[in-house]
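The values are calculated or read from the model by the stated rules, or taken from the named source; none is laboratory data. Small disclaimer: the values here were computed from a predicted structure and weren't measured. No Cβ is skipped: glycine too gets one built from the backbone with ideal geometry, and neighbour counts run over all protein chains shown.
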Amino acid sequence: MQLSSLFPTLLLVACAKAIPTDDNIAKTPADGQSDAGPVNVPALESLADAKMEASSSCSGWNDWYGTGRWTYTEVQFCFYQRSDSTVAVVNQREAQYYWGAAWYYARNYPFSWNIEGTIVTQSDFEGSGDGSGPTQYYVFTEKVPAGTYSVSVNYHQVGPYWEADAAINESAQFSIVLGS
Ligand SMILES: *[C@@H]1O[C@H](CO)[C@@H](O)[C@H](O)[C@H]1NC(C)=O
């Protein structure tokens, strides 16, 4: 929905509660993942591998709001070594939208994201997808050699519910350690 079409109503809401506190952000119940949107798992194998990798091949979790705080999500960026390649996986959770003074999980409202970044001194990467969960969005066909690297990433998400004028457009810098 366009923000502009609801603007008079939402202006009142926004004035009443301009900055949501953490209390307003619904937290995913333990069994609530199933209705939080489609889960894109490229291969069961990659999940199993992910649990065995050192956590240092992932960024921390980024808690990000979109423009005007109409949307919210939590995102983590991971890189895993395969036998002949390196893969980039995004973990996405807690996607929510703000409406009528409360936060709601994405549920039936889709959201999509685009990621662009660089493993400094090595290779650029880019990919897009939608929904929650772990998603493999890029394959470095030339495997990144073992080492410690700086990574910079831009994450752009449209939705849930609101359109591009409430998009999340954030960047993160972190370092990763890749094995051989
Ligand atoms: C996201 O933010 C960056 C840096 O501010 C900007 O250059 C870029 O155009 C933005 N992307 C979109 C799709 O708005």
Identify the residue in region 53-83 that is in a loop (DSSP other than H, G, I, E, B) and among the charged types (D, E, K, R) and, among all such residues, is farthest from the chain's Cα centre (by Cα). R82
Return the residues of region 106-129 that are in a strand (DSSP E or B) and under 13 Å from the mean Cα position of the chain (by Cα); say none if nothing qualifies. S112, W113, N114, I115, E116, G127, S128, G129
Can you name every residue in region 141-180 that is within 27 Å of Y97 (Cβ to Cβ), hydroxyl-bearing (S, T, Y) and within 14 Å of the ligand (Cβ to nearest atom)? Y155, S171
Tally of residues being surrounded by fewer than 18 Cβ atoms within 10 Å (Cβ to Cβ), at pLDDT 95 or above and in contact with a helix residue (DSSP H, G or I) (Cβ under 7 Å, 6 or more places away or on another chain) across region 71-102: 1
Please pick out the residue among G117, G68, G127 that is within 16 Å of the ligand (Cβ to nearest atom) and buried (at least 21 other Cβ atoms within 10 Å of the Cβ). G117
Determine if region 155-169 includes at least one residue that is without any contact (Cβ under 8 Å) to a residue 60 or more places away in the chain and under 25 Å from S56 (Cβ atoms). no
Residues of region 130-180 that turn out to be more than 20 Å from Y105 (Cβ to Cβ), aliphatic (A, V, I, L, M) and not in a strand (DSSP E or B), as a count: 3
